[in-house]
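Some notes on the structure that comes next.
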Amino acid sequence: MEASAGLVAGSHNRNELVVIRRDGESAPKPLQQLSGQICHICGDDVGLTVDGELFVACNECAFPICRTCYEYERREGTQVCPQCKTRFKRLKGCARVEGDEEEDDIDDLENEFNFDATKGRKNMQHPLATDAILHYGRAFDNADPHQALHPLPQLPLLTDGRTVGDIPPEQHALVPSFMSNGGGGGKRIHPLPFSDHTLPVQPRSMDPSKDLAAYGYGSIAWKERMENWKQKQEKLQMMENENGGKDWDYDGDAPDLPLMDEARQPLSRKLPIPSSQINPYRMIIIIRLVVLGFFFHYRVTHPVNDAFALWLISVICEIWFALSWILDQFPKWLPIDRETYLDRLSLRYEKEGHPSQLSPIDIFVSTVDPLKEPPLVTANTVLSILAVDYPVDKVSCYVSDDGAAMLTFEALSETSEFAKKWVPFCKKFNIEPRAPEWYFAQKIDYLEDKVHASFVKERRAMKREYEEFKVRINALVAKAKKVPEEGWTMQDGTPWPGNNVRDHPGMIQVFLGQSGGLDKEGNELPRLVYVSREKRPGFNHHKKAGAMNALVRVSAVLTNAPYLLNLDCDHYFNNSKAIRESMCFMMDPLLGKRVCYVQFPQRFDGIDRHDRYANRNIVFFDINMKGLDGIQGPIYVGTGCVFRRSALYAYDAPKAKKPPSRTCNCLPKWNCGCCCSGRTKKKKTNKPKSEMMKKTSRTSTSVLEGTEEGIEVIEDQNVAVMPEHKLEKKFGQSPVFVASTLLEDGGTLKSASPASLLKEAIHVISCGYEDKTEWGKEVGWIYGSVTEDILTGFKMHCHGWRSIYCIPDRPAFKGSAPINLSDRLHQVLRWALGSVEIFLSRHCPLWYGYGGGLKWLERLSYINATVYPLTSIPLLAYCTLPAVCLLTGKFITPEVCCCFFFSFFVNRYAVYSSTIDHGKDDLAFI
Ligand SMILES: O=c1ccn([C@@H]2O[C@H](COP(=O)(O)OP(=O)(O)O[C@H]3O[C@H](CO)[C@@H](O)[C@H](O)[C@H]3O)[C@@H](O)[C@H]2O)c(=O)[nH]1
Ligand SMILES: [Mn+2]
Ligand SMILES: [Zn+2]
Ligand SMILES: [Zn+2]
C-alpha cells in the first residue's frame with residue numbers, strides 16, 4: 001500500500017495540518033504544531049503525549065480519538081478502532097482493562113495481531129505508539145468531570161447477589177446481556193441513536209483507501225454529515241417546541257393540500273401474501289387431503305381380521321392425526337401482512353399548534369415474586385414504558401404486585417427517581433431500546449451510527465448513573481433476603497401492610513405524573529402507579545387474570561384511558577413507537593372500531609442460536625398468527641397486546657351492516673363468486689375531514705363510513721341503555737367505575753377529588769368486589785384456565801370483534817424466555833394444562849358461542865389451540881404399536897401393495913408434520 005493512502009489531514013477551526021503515515025516505516029513528522037486535533041468521538045481536543053506529540057490511539061489508521069474516549073472504549077466499549085476496527089492495544093500509562101494479558105509488557109504486539117490475524121500488519125506499527133506516554137495534565141483537562149467525580153463502581157452485582165462471572169449461562173433474566181458482547185450469536189447490533197430520517201446512511205466502500213477518504217478525520221463528508229445532522233436535529237427540535245405554529249386548514253389552501261391528502265389516507269394497509277408464494281402451499285394441502293381420503297378409504301375397507309384390535313387402534317390414531325392436521329392447516333389458508341403509516345398518524349392526530357389528539361393509553365405490568373422476577377428486570381420494563389415515544393400526559397403505567405413485596409415497591413420508587421434522568425436522555429437522543437440494561441449492552445459504532453459528540457459524553461455519564469442505579473437496586477435485593485422477624489417497616493416507621501402475602505389490604509401508590517415532580521429537563525413524566533390488590537384467605541385470586549382485572553378497575557377509576565396495553569414484567573418496549581403502531585389500527589376511523597386488540601409477536605432476548613427449547617415459536621408467531629390475521633385476527637398471547645377497553649367490558653363489536661350478498665364466509669376467497677367479485681368497488685368518502693374524525697359516543701348510534709374494505713357500513717350498536725342496577729350487577733358496586741364505563745373516549749369525572757378517587761380505587765381492588773358480578777365470567781380477563789390469555793381472546797372473537805397482528809420492523813417488545821430445560825418444560829406443561837382446561841370447560845370452542853360472530857376458520861384454530869395436548873395420547877399409542885407388532889408377529893395392515901405404500905408414506909409424513917409442527921413448535925410451514 002502506498003504511504004499516501006494513509007495520509008490523513010486534520011483540519012478544524014483551529015486548522016493545523018497534521019500528516020501521519022500509516023505504514024510507519026519512517027517516522028511520521030508533524031508538519032506544524034500538533035495540538036488542535038479534534039477527537040472524532042467526543043469533539044474534545046485529542047491532546048498530546050508527554051513528548052509533545054499527538055496522542056494516537058490507533059496505529060493502523062490514526063483515527064483521532066482523545067485519551068478519555070480511548071480508555072472508555074477499551075474499558076467498556078467495542079475495544080476496537082471505530083474506523084478500521086483494529087483492536088486497540090494498550091498504551092503506556094493507560095488504565096488496565098479486563099482482557100489485557102501481560103502484566104508489564106506494554107508492547108503486546110503478538111497478542112494484538114493474533115487477535116486480528118487477517119490484518120497482518122505487524123510491522124506497520126506506528127512508532128508514536130510504542131513510546132507514547134501521555135500528557136496527563138492534558139488528558140485530565142479533557143476528562144469528563146462526571147467521570148472524575150464518580151469512580152466506576154465495582155463489577156455490578158446481579159440481583160441475586162453474585163458477581164457476573166459466577167452466573168451459569170442458563171438463567172432467566174438478564175444474564176445473557178452480561179455474558180455476550182452486545183447481541184447474541186455474534187451478530188453485531190447497530191443501535192440507531194438518532195432516528196433514521198436524520199441522515200442517509202452512506203454505504204461504506206470496500207476499498208480501504210476510499211473508506212479513509214470518506215471517513216478519515218477532517219474529511220469533508222464527515223463534516224457535512226455532522227452539519228447536516230445538526231441542522232436536522234435543530235429543525236426537529238423546533239418543530240417539537242413550536243407551539244404557535246401555523247394552523248391546519250382543512251378546506252383550505254393549495255400549499256396544504258398534499259399534507260391534507262396524506263392525513264386522509266388510511267393509517268395501515270393489508271398486504272396479502274402474493275399468490276405465487278401461497279398457492280403452492282395451498283396446492284400441497286389439497287393434494288394431501290385427497291391422498292388422505294384414498295388412504296382412509298383403503299384403511300377402513302381393509303380391516304386386519306387376525307389382529308383386529310391392533311388395526312382398530314391404529315386407524316383411530318390415524319384418524320385423530322388426520323383431524324389435527326386439518327385443524328392445523330386450514331387456519332393458515334389466507335395469511336396476510338400489514339403495513340402501518342406512522343407519519344400519517346402523526347399528520348392526522350398531532351397537528352402543529354394543537355394539543356395532540358392521540359388517544360390516552362394505560363399500560364399494565366404484572367409481577368408476582370421479586371425473587372423469581374428480579375426487580376431490575378421489572379425496573380427496565382417500567383423505564384422503557386416511561387420513556388415511550390408518546391405524549392407523556394397520555395401514558396400511565398400501572399404495576400401490579402401480586403407478591404405485595406416491599407422490595408418491588410421500593411425498587412419502583414428508585415425507578416421513578418432514575419426515570420427523571422433516563423427519560424429525558426432517551427428522548428433527547430432518540431435511542432432504542434429504552435430499557436437501559438439492553439441499551440447499554442449494545443456497542444456503539446461511532447461512524448455508522450452518526451454519533452454526535454455531546455451524545456457520547458452524555459451517554460457515558462448516563463451509563464454511570466445507570467450503574468449506580470443498579471447498585472442501589474441490588475442493595476435493595478440483598479437487603480430483602482433476610483426478612484426481619486417483625487416483618488418489614490417502611491421509611492416512616494409504619495409496618496409494611498403486605499407483610500403477610502396471603503392476607504393483606506389493597507395498596508396503591510402514585511409516583512410521578514402531574515403532581516409527582518418533573519424530570520431533569522423540567523418536563524412531566526407519565527404517571528406510574530403501584531397497585532397490590534387485597535388478598536384474604538378463602539378467596540380465589542385467579543392469578544394473573546385476577547391481577548389484570550384489578551388493574552382494569554383501578555385504571556378506570558384513576559385515568560380511564562380508552563386503550564390498555566398489558567406486558568409481563570419481563571417484556572420491555574424494544575421499539576418506543578410501538579404504541580403508535582397499535583394506534584394506526586385502533587384510531588383508524590374506518591377499520592378501528594371493530595378491533596378489540598392489536599397483538600404484537602412475542603420476541604425474546606438471550607435465546608441460544610439453535611433455540612434448543614423452541615422458545616421462539618417461529619411457526620406460531622410468524623405463520624399461524626399471520627394466517628389468523630387473514631381470518632378474524634390473531635389469538636391473544638398474554639403480553640404485548642393493546643386492548644380496546646370497551647372490548648374488555650363484554651360489549652359486542654359494532655355490527656358490520658354488509659350488503660346481503662357479501663355476508664358469506666366462503667373459503668377459499670378466490671373461487672367464491674358471492675363475496676369477492678365486486679371488491680374493487682370502493683366507496684369514496686367525500687365527507688369533510690372534521691366529520692370523519694368525529695368521535696362516536698356509545699350513547700348515540702352513529703354511522704361510520706366504510707370499513708377496511710371500504711364497502712361496508714358499520715353501526716355502533718353498543719348503545720348503553722342498560723339500567724343502572726344492571727350495570728352494577730355486571731361491573732360491581734362502584735358508582736365511579738360504572739360511570740367510567742359509560743365514557744367512550746375515556747377520561748375521569750372531573751368533579752371527583754384525587755383523594756376520593758384513590759379511596760374508590762382501593763375499593764375496587766378489594767377481595768369481595770367481584771362477588772356476584774360478571775368479572776372473570778364475561779367482563780375483563782376470563783377466569784377458569786391458567787392460560788387465561790387464550791380464553792380472553794376467544795371470548796372477544798365470539799363477540800364478533802376482530803383482532804390485528806402487528807409486526808413492526810423493529811420488534812415492538814422483547815422478553816426473556818425460560819432458557820433452562822426444567823423451566824421450559826414447566827411452561828409447556830402449564831400451557832398444555834391450560835388448554836385442556838378450556839377444552840373441558842363450558843368455553844370449549846367446539847360448542848361455545850355459535851351465532852356470535854366467531855368465524856368458522858377462527859373456531860377451527862381455537863379448537864386446535866385447546867385440543868392439541870390430547871394428541872399426546874394417540875401419539876403414545878401409535879408409537880408403541882410397532883413394538884407390539886414385533887412381539888406378536890402381526891401387523892396393522894393386511895398384505896401390502898405398492899399403491900398403498902405410496903399413500904402410506906404420504907400420510908405418515910402428514911402425521912409427522914401435524915404432530916410435531918404443533919402450534920407452538922418450530923418447523924416448516926406445513
Ligand atoms: O398470580 C400471578 C401469576 C402470574 N402473574 C404474572 O403473569 C405473567 C406471566 O407469568 P409467567 O410465569 O412468566 O408465565 P409465562 O408462561 O412465561 O407467560 C406466558 O404464558 C402466560 C399464560 O398463558 C401468559 O399469561 C403470559 O403473558 C405469557 O407470556 C408474569 O408477568 C407474572 O408476573 C401475576 O401477575 N400473578
Ligand atoms: Mn414469562
Ligand atoms: Zn474524545
Ligand atoms: Zn484505526
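Can you tell me which residue in the range 785-828 is nearest to the chain's Cα centre (by Cα), limited to those that are more than 24 Å from Ala614 (Cα to Cα) and within 13 Å of ligand 1 (Cβ to nearest atom)?
Step one: filter the range 785-828 for residues more than 24 Å from Ala614 (Cα to Cα), giving 792, 794-804.
Retained after the next criterion (residues that are within 13 Å of ligand 1 (Cβ to nearest atom)): 792, 794.
Working: Thr792: 21, Phe794: 23 Å.
Per the criteria, the residue is Thr792.
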Residue pairs meeting the criteria (Cβ under 8 Å; at least 6 apart or on separate chains; first closer than 9 Å to Phe429 by Cβ, in the range 446-460; second of a type in the set (A, V, I, L, M) and modelled with pLDDT under 75): His452/Met226
Failed criterion for Ser366 (all others in (1) out of contact with any Pro (no Cβ under 9 Å at 6 or more places or on another chain); (2) under 18 Å from Lys577 (Cβ atoms); (3) at pLDDT 90 or above hold): (2)
Unmet requirement for Lys669, which otherwise passes all of (1) at pLDDT 90 or above; (2) in contact with a Leu (Cβ under 9 Å, 6 or more places away or on another chain): (1)
Any hit, the range 777-800, residues being in a loop (DSSP other than H, G, I, E, B) and charged (D, E, K, R): yes
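Just a yes or no: is a residue in the range 630-640 in contact with a Pro (Cβ under 7 Å, 6 or more places away or on another chain), away from ligand 1 (no atom under 16 Å from the Cβ), more than 21 Å from Ser835 (Cβ to Cβ) and touching a residue at least 40 places away in the same chain (Cβ under 8 Å)? Even if it seems obvious, please write down each step before you answer.
Within the range 630-640, the subset in contact with a Pro (Cβ under 7 Å, 6 or more places away or on another chain) is 630-631.
Pick out the ones that are also away from ligand 1 (no atom under 16 Å from the Cβ) and you get 630-631.
When the remaining residues are screened for being more than 21 Å from Ser835 (Cβ to Cβ), the result is 630.
If we keep only those that are touching a residue at least 40 places away in the same chain (Cβ under 8 Å) too, we end up with 630.
Yes: the range 630-640 contains one or more residues that are in contact with a Pro (Cβ under 7 Å, 6 or more places away or on another chain), away from ligand 1 (no atom under 16 Å from the Cβ), more than 21 Å from Ser835 (Cβ to Cβ) and touching a residue at least 40 places away in the same chain (Cβ under 8 Å).
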Where Phe409 falls short, out of the listed (1) touching a strand residue (DSSP E or B) at 6+ places or on another chain (Cβ under 8 Å); (2) of a type in the set (Phe, Trp, Tyr); (3) assigned to a loop (DSSP other than H, G, I, E, B): (3)
Subset of the range 773-818 (residues that are away from ligand 2 (no atom under 16 Å from the Cβ) and charged (D, E, K, R)): Glu774, Lys777, Glu778, Lys795, Arg802, Asp809, Arg810
Residue list for the range 45-91, filter: crowded, with 21+ Cβ neighbours inside 10 Å, under 22 Å from Lys457 (Cα atoms), within 12 Å of ligand 4 (Cβ to nearest atom) and among the charged types (D, E, K, R): Glu73
Residue in the range 594-601 that is surrounded by fewer than 24 Cβ atoms within 10 Å (Cβ to Cβ) and over 19 Å from Asp745 (Cβ atoms) present: yes
Qualifying residue in the range 777-796 (condition: in contact with a His (Cβ under 7 Å, 6 or more places away or on another chain) and of a type in the set (Ser, Thr, Tyr)): yes
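Does Leu54 satisfy being modelled with pLDDT of 80 or more and either in contact with a helix residue (DSSP H, G or I) (Cβ under 9 Å, 6 or more places away or on another chain) or in the same structural domain as Arg87 (by the TED database) (or both)?
Working: modelled with pLDDT of 80 or more: yes; either in contact with a helix residue (DSSP H, G or I) (Cβ under 9 Å, 6 or more places away or on another chain) or in the same structural domain as Arg87 (by the TED database) (or both): yes.
It is true that Leu54 is modelled with pLDDT of 80 or more and either in contact with a helix residue (DSSP H, G or I) (Cβ under 9 Å, 6 or more places away or on another chain) or in the same structural domain as Arg87 (by the TED database) (or both).
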Residues located in the range 388-402, provided they are farther than 15 Å from Leu565 by Cα and crowded, with 24+ Cβ neighbours inside 10 Å: Asp401
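Would you point out which residue out of Glu837, Glu788 is farther than 24 Å from Val642 by Cα and modelled with pLDDT of 90 or more? Full working, then the answer.
Details: Glu788 fails: farther than 24 Å from Val642 by Cα.
Only one candidate passes the filter, namely Glu837.
Here are some residues: Lys463, Lys427, Lys443. Which one is in the same structural domain as Phe813 (by the TED database), within 16 Å of ligand 4 (Cβ to nearest atom) and closer than 30 Å to Cys42 by Cβ?
Details: Lys463 fails: within 16 Å of ligand 4 (Cβ to nearest atom); Lys427 fails: within 16 Å of ligand 4 (Cβ to nearest atom).
Exactly one residue qualifies, and that residue is Lys443.
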Filter result for Val510 (β-branched (Val, Ile, Thr), surrounded by fewer than 22 Cβ atoms within 10 Å (Cβ to Cβ) and either more than 16 Å from ligand 1 (Cβ to nearest atom) or within 19 Å of Ile762 (Cα to Cα) (or both)): yes
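Can you pull out every residue in the range 517-530 that is surrounded by 15 or more Cβ atoms within 10 Å (Cβ to Cβ) and not hydrophobic (A, V, I, L, M, F, W, C)? Steps first, please.
Within the range 517-530, the subset surrounded by 15 or more Cβ atoms within 10 Å (Cβ to Cβ) is 519, 524-530.
Within the range 517-530, Asp519, Glu524, Pro526, Arg527, Tyr530 qualify.
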Index of the failed condition, Gly746 passing every other in (1) outside any strand (DSSP E or B); (2) touching a residue at least 24 places away in the same chain (Cβ under 8 Å); (3) at negative phi; (4) away from ligand 1 (no atom under 16 Å from the Cβ): (3)
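Yes/no per residue for (1) at pLDDT 85 or above; (2) under 27 Å from Phe440 (Cα atoms); (3) in contact with a Leu (Cβ under 8 Å, 6 or more places away or on another chain); (4) among the polar types (S, T, N, Q):
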site	(1), (2), (3), (4)
Tyr466	yes, yes, no, no
Phe469	yes, yes, no, no
Gln491	no, no, no, yes
His504	yes, no, no, no
Leu512	no, yes, yes, no
Ser515	no, no, no, yes
Leu528	yes, yes, yes, no
Tally of residues being surrounded by fewer than 16 Cβ atoms within 10 Å (Cβ to Cβ) and either more than 12 Å from ligand 2 (Cβ to nearest atom) or free of Cβ contacts under 8 Å to residues at least 24 places away in the same chain (or both) across the range 819-836: 8
Test: Leu854 is of a type in the set (A, V, I, L, M, F, W, C), within 16 Å of ligand 1 (Cβ to nearest atom) and not assigned by the TED database to the domain that holds Gln329: no
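The values are calculated or read from the model by the stated rules, or taken from the named source; none is laboratory data. Keep in mind that this is a model prediction, so the values were computed, not measured. All Cβ positions, glycine included, derive from the backbone under ideal geometry; neighbour counts span all protein chains shown.
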